[in-house]
Amino acid sequence: MSITKICCIGAGYVGGPTMAVIAQKCPDIQVTVVDLNEERIAQWNNPDVEKIPIYEPGLSEIVANTRGKNLFFSTEVDKAIDEAQMIFISVNTPTKTYGSGKGMAADLKYIELCARQIARVAKNDKIVVEKSTLPVRTAEAIKSILDHTGNGVQFQILSNPEFLAEGTAVQDLLNPDRVLIGGDTTPEGEAAIQSLVNIYSNWVSKDKILTTNVWSSELSKLTANAFLAQRVSSINAISELCEKTGADVNEVARAIGMDSRIGPKFLKSSVGFGGSCFQKDILNLVYIAKTFGLREVADYWEQVILMNDHQKRRFANKIVQTLYNTVADKKICFLGWAFKKDTNDTRESAAIYVARDLVSEQANIAVFDPKVEEYQIQSDLDYLNVSERSKKRVTSYENPYDACHSAHAIAVLTEWDEFRDYDWQLIYKNMQKPAFIFDGRNLLDGKKLTEIGFVYKSIGS
Ligand code: UDX
Ligand code: ADP
């Protein structure tokens with residue numbers, strides 16, 4: 001089938017940037033991104049492209065070039081489904097907070113609602129593409145709903161997992177390491193796969209487009225994220241050992257990364273990984289393994305998360321211990337709240353957990369993040385059930401110098417580049433003495449800061 005109209009359900013971190021790039025690279029295809037959230041769609045349609053709801057380097061330029069030409073944002077979900085030949089499902093799949101699989105399995109209620117909506121609306125054959133990260137065998141569930149509740153039209157389900165990382169989403173989409181497309185091995189399935197291959201071929205070379213069966217594609221996504229997260233937990237485990245032995249984790253990472261079998265990427269020790277994917281995907285993997293009675297497999301992967309939780313707790317404890325075992329009513333400045341640099345996304349950010357632990361010790365926290373707004377910080381604390389009283393201890397600042405002013409300590413939670421360029425002499429001058437820096441990202445120049453007078457402590461050294 002030659003595709004001329006695409007609909008994407010879900011205008012979030014995945015759907016928005018992915019569709020913007022498809023629209024730019026395929027000017028003959030009309031791409032409509034729909035969402036139930038009217039405010040979010042209004043933000044995507046804001047005439048000032050700098051105010052679109054997702055911050056990603058390079059994204060606003062692409063939206064400026066394509067919006068209103070072949071890229072549209074709308075709340076008319078039924079209309080977009082009806083008109084499209086290919087429908088991407090890109091809705092959120094959070095970890096379940098209730099019932100069976102609580103705290104582990106992915107909550108598929110949004111996916112199921114989409115499937116039912118597509119089944120109700122579709123009057124002709126459609127290709128449905130899973131874009132959201134999903135547990136293995138979700139395609140089967142989608143297919144069952146579509147086939148049993150549809151109007152007798154044919155659906156082909158493809159799995160096309162997204163490997164983009166936030167902060168580099170546009171680059172990852174433009175130059176992917178690979179594009180993975182899973183589908184049925186029937187002639188109809190293969191034709192559907194080919195339709196999607198044709199879309200990506202507009203800018204991705206054929207040897208990077210991998211086609212597999214649906215289950216392999218779904219499981220590959222979970223496995224890729226589990227391996228990446230495992231590397232972070234592995235180096236973080238070593239960071240604790242480094243702190244005890246006098247080894248330096250950066251030196252260890254460099255030394256092992258030069259082994260071509262290990263490779264240098266994803267070996268940066270930190271206060272812990274965050275983001276919407278890693279924890280959720282590993283929990284999914286653990287849940288699936290448990291479902292099949294594979295206890296050792298489940299325990300093996302669960303340890304990656306336990307290590308990550310430990311690292312976040314350990315960082316907060318270290319701050320308390322170093323500040324003479326009490327942070328009560330002390331001002332601690334957080335530089336960064338997002339889960340990584342170059343994004344305004346805060347989902348599962350280590351900062352939230354460290355803040356929760358410190359306010360429970362009655363610290364006052366002054367947050368500065370170049371892209372995260374105060375309401376987001378407060379709602380993240382709600383998510384962790386931090387009490388209203390404790391939440392009042394967390395204040396957001398527009399300016400890093402004010403955030404650091406008269407603080408007892410600074411904690412670096414996100415690796416924003418701009419933190420390196422601050423006037424650290426000035427910051428030091430205005431802080432309580434001794435002035436501590438806890439560098440949760442190994443970002444700053446410890447030697448220079450020590451010369452200024454700071455007591456500098458970074459992860460793993
Ligand atoms: C991840 C995957 O990389 C991506 O392929 C998938 O599609 C979605 O999940 P993302 O969550 O956006 O992407 O960010 P990523 O760059 O993977 O970082 C995840 C977390 O790990 C961040 O909190 C980051 O700071 C942390 N991290 C990463 C480290 O602590 N050390 C590292 O060496 C690398
Ligand atoms: P991701 O990081 O996976 O892109 P987000 O939470 O950023 O996740 O985006 C998912 C989007 O999907 C949200 O904007 C949400 O409103 C939207 N959404 C969820 N369910 C539906 C639905 N049934 N129809 C339309 N949009 C939906």
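The values are calculated or read from the model by the stated rules, or taken from the named source; none is laboratory data. Small disclaimer: the values here were computed from a predicted structure and weren't measured. Cβ atoms come from the backbone with ideal geometry, glycine included; neighbour counts cover every protein chain shown. Note: areas computed on protein heavy atoms with side chains; ligands, DNA, RNA excluded. Shrake-Rupley method; radii C 1.70, N 1.55, O 1.52, S 1.80 Å.
Brief remarks on what is shown
- Pairs, first on the phi > 0 side of the Ramachandran plot in segment 149-172, second within 15 Å of ligand 2 (Cβ to nearest atom), C-beta under 8 Å, six or more apart: Gly167/Glu56; Gly167/Lys340; Gly167/Thr343
- Residue count for segment 134-152, restricted to those that are among the small types (Gly, Ala, Ser) and in a helix (DSSP H, G or I): 3
- Here is the figure for segment 8-30: residues that are within 13 Å of ligand 2 (Cβ to nearest atom), over 19 Å from Phe163 (Cβ atoms) and either open to solvent by 70 Å² or more (accessible area, probe 1.4 Å) or not in a strand (DSSP E or B) (or both) total 1.
Here's the yes/no breakdown for (1) open to solvent by less than 70 Å² (accessible area, probe 1.4 Å); (2) away from ligand 2 (no atom under 16 Å from the Cβ); (3) more than 15 Å from Phe88 (Cα to Cα):
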position: Leu134; (1), (2), (3): yes, no, no
position: Ser144; (1), (2), (3): yes, yes, yes
position: Asn160; (1), (2), (3): yes, no, no
position: Leu174; (1), (2), (3): yes, yes, yes
position: Arg178; (1), (2), (3): no, yes, yes
position: Ile181; (1), (2), (3): yes, yes, no
position: Ala191; (1), (2), (3): yes, yes, yes
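- Hits in segment 137-156 - residues which are of a type outside the set (Ser, Thr, Tyr) and touching a Ser or Thr at 6+ places or on another chain (Cβ under 9 Å): Ala139, Gln156
- Of the residues making up segment 339-357, those that are more than 16 Å from ligand 2 (Cβ to nearest atom) and hydroxyl-bearing (Ser, Thr, Tyr) number 1.
For (1) of a type in the set (Asp, Glu); (2) touching an Asp or Glu at 6+ places or on another chain (Cβ under 7 Å); (3) over 16 Å from Gly336 (Cα atoms), each residue gets a yes or a no:
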{"residue": "Val354", "(1), (2), (3)": "no, no, no"}
{"residue": "Asn364", "(1), (2), (3)": "no, yes, no"}
{"residue": "Asp369", "(1), (2), (3)": "yes, no, no"}
{"residue": "Ile377", "(1), (2), (3)": "no, no, no"}
{"residue": "Asp417", "(1), (2), (3)": "yes, no, no"}
{"residue": "Tyr422", "(1), (2), (3)": "no, no, no"}
{"residue": "Lys433", "(1), (2), (3)": "no, no, yes"}
{"residue": "Val455", "(1), (2), (3)": "no, no, yes"}
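- When every residue of segment 233-244 is checked against the conditions, none turns out to be surrounded by fewer than 23 Cβ atoms within 10 Å (Cβ to Cβ), within 12 Å of ligand 1 (Cβ to nearest atom) and basic (Lys, Arg).
- Checking Ser220, Ser260, Ser216 one by one, the residue that is part of a helix (DSSP H, G or I), over 18 Å from the mean Cα position of the chain (by Cα) and within 27 Å of Leu174 (Cβ to Cβ) is Ser216 and no other.
- Count of residues meeting criterion [open to solvent by 10 Å² or more (accessible area, probe 1.4 Å), over 23 Å from Ile54 (Cα atoms) and not charged (D, E, K, R)] in segment 312-352: 9
- In segment 263-279, residue nearest to Thr97 (Cα to Cα) [restricted to those that are more than 6 Å from ligand 1 (Cβ to nearest atom) and crowded, with 24+ Cβ neighbours inside 10 Å]: Gly272
- Only one of the listed residues (Gln321, Gln279) is within 16 Å of ligand 2 (Cβ to nearest atom), within 23 Å of Arg356 (Cβ to Cβ) and in a helix (DSSP H, G or I). That residue is Gln279.
- Boolean, Val204 is buried (at least 18 other Cβ atoms within 10 Å of the Cβ) and out of contact with any Leu (no Cβ under 8 Å at 6 or more places or on another chain): yes
- Every test in (1) within 21 Å of the chain's Cα centre (by Cα); (2) at pLDDT 95 or above is passed by Leu283 save one, and that test is (2).
- Against the test of being among the basic types (Lys, Arg) and closer than 24 Å to Leu222 by Cβ, the options Arg254, Arg313, Arg261 yield a single qualifying residue, Arg261.
- Residues of segment 31-42 classified as out of contact with any Asp or Glu (no Cβ under 6 Å at 6 or more places or on another chain), closer than 27 Å to Ala338 by Cα and surrounded by 18 or more Cβ atoms within 10 Å (Cβ to Cβ), total: 4
- The residue pairs whose first member lies in segment 271-296 and is within 30 Å of Asp439 (Cα to Cα), whose second member is more than 16 Å from ligand 2 (Cβ to nearest atom) and open to solvent by 20 Å² or more (accessible area, probe 1.4 Å), and whose beta carbons are closer than 8 Å, counting only pairs six or more residues apart or on different chains, are Val271/Arg441; Gly272/Asp309; Gly272/Tyr353; Phe278/Leu228; Ile282/Trp301; Ile282/Glu302; Leu283/Gly103; Leu283/Met104.
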